[in-house]
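First comes the structure, then the notes that go with it.
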Amino acid sequence: MGTAAKGWALVLGSALALAGCVSMPIDEVPASLETLQALRQAQIPALGLGSFTTAKGLDPRSINIRGSTLHPAKGSSFAAFLGETFATELRAAGKLDPSAPLALSGELTESQAKENMARGTAALGATLTLSRGGKAVFSKPYRVETSWKSDFIGALAIPDAFRNYNGLYALLVRKALTDPEMIAAMKGG
Amino acid sequence: MFLNRRFSASAWTWAMALCAAVLLAAPQAVKAAKFYVDGTALAVKPEEKVVPAAPKPLQILYEFQRDGGPNPKATKFTKPFILEDLKASGGFSSVAETPVEGGAVLSIKFNNVVDPEALKKAKADGFKTGLSFGLFGGTVVEDLYVVTFEYVPAPGATPIKTVVHHKLTTSIGKVDQTTIPGVQYKKADLAVRELVRQVMARGLNNLFADPAFPR
């Protein structure tokens, strides 16, 4: 192989390597003013958090985009991450109390992200259950989704996909905590 | 680089891929990137500076975004700067990330905004820069930031809002440095720290000067 050809081979290899397989953890999403204001306005009582589990058949620990993987912290699951996201928002609003008689638990039922170099989509779903004194008083499924313009270059497309998926957790939490039915159930006697 | 900067990420991907190859053939050819922050327009003049007479506790909610979506890695990197600048402002008696006495909350969203047309140009320029190994062409890219400050003095109160615009300029390859305004930084992290400091000084002063801000 001549020098020029070797050079270009190295170029292409370098370009591909820059978009190579990575494995990265999902990041905690900070509390938002929108959710905090909504929780203040709703005047819900403080609540604790029960267990967050994964529905049968759903991958609890990975989202794959072009060979790269997004995963929860070691030993954890995306369902547990959803529970932590609830904790972040409730704590910021002063509404998290592990000793409260009211508790929220959930089952992750949908967790997916994909893209085709032109467009990406992601969706997150969970069935949330409210319990009072250990007895279930309310249960409802919630789902959020998003789409974005993807890119041919992997170094751009992969982080974009992971970031869009990551952002769904805060959206699902906000959707649930601002749902009038959920609020009414929380305030119920 | 922690900032998911679409401009330079794409320019870098191509330019650096090619530079990686040419480094073996002509190591002296590649010019290091330089970063510029121009705080002239944002600077708070001494005569306009306001510091609340009776600082109160503050709960801070902070997020770094890209095009309105979360960027957790950048949030993690820049949050210490935000907290440091809040405490140094003299405007708050204490700063925490959980509810505080009085219920005052400040939300800061540091949004890196992508201009699609500028991105296309940056990709094209970056490709040319890479092809010439930085010897015969240069690329200048701008990262634009729209930073929204929303302060709620107490539960149920009307938020006080201010928006600050700023930018970080990056040059790669052969570029006439004298045409780029601002202070030059060889390291991106130092440039970002200064950019955050300037945004925080302007944004907080705007809030403190607002007639609705508690005195």
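Read-outs throughout are calculated quantities, based only on the coordinates presented, and are distinct from any laboratory measurement. None of these values were measured; they are calculated from a predicted model. Methodologically, a virtual Cβ is constructed for each residue, glycine included, from the backbone with ideal geometry; neighbour enumeration extends over all protein chains shown.
In whole angstrom, chain A maps to an equivalent ellipsoid with semi-axes of 41, 15, 13, each derived as √(5λ) from the alpha carbon gyration tensor and ordered largest first.
Can you tell me which aspartates and glutamates have their Cα less than 18 Å from the Cα of B:K167? Leave out same-chain residues fewer than eight positions away. By straight Cα distance, B:K167 reaches B:D38, B:E63, B:D67, B:D115, B:E117, B:E142, B:D143, B:D189, B:E194. Excluding A:T88 itself, what net charge comes from residues whose Cβ is under 12 Å from its Cβ, given Lys and Arg +1 and Asp and Glu -1? Neighbour charge sum, excluding A:T88 itself: -3.
Panel order for B:F35, B:F81, by other beta carbons found within 10 Å of each beta carbon, from fewest to most: B:F81, B:F35.
Other residues whose C-beta falls under 11 angstrom from the C-beta of A:A55 contribute a net charge of -2, scoring Lys and Arg +1 and Asp and Glu -1. From the alpha carbon centroid of the range B:132-196 to that of the range A:131-174 is 29 Å. Placing a label point 7 Å from the Cα of B:T179 along the Cα-to-Cβ direction, the residues of the range B:38-52 whose backbone N falls under 20 Å from that point are B:38.
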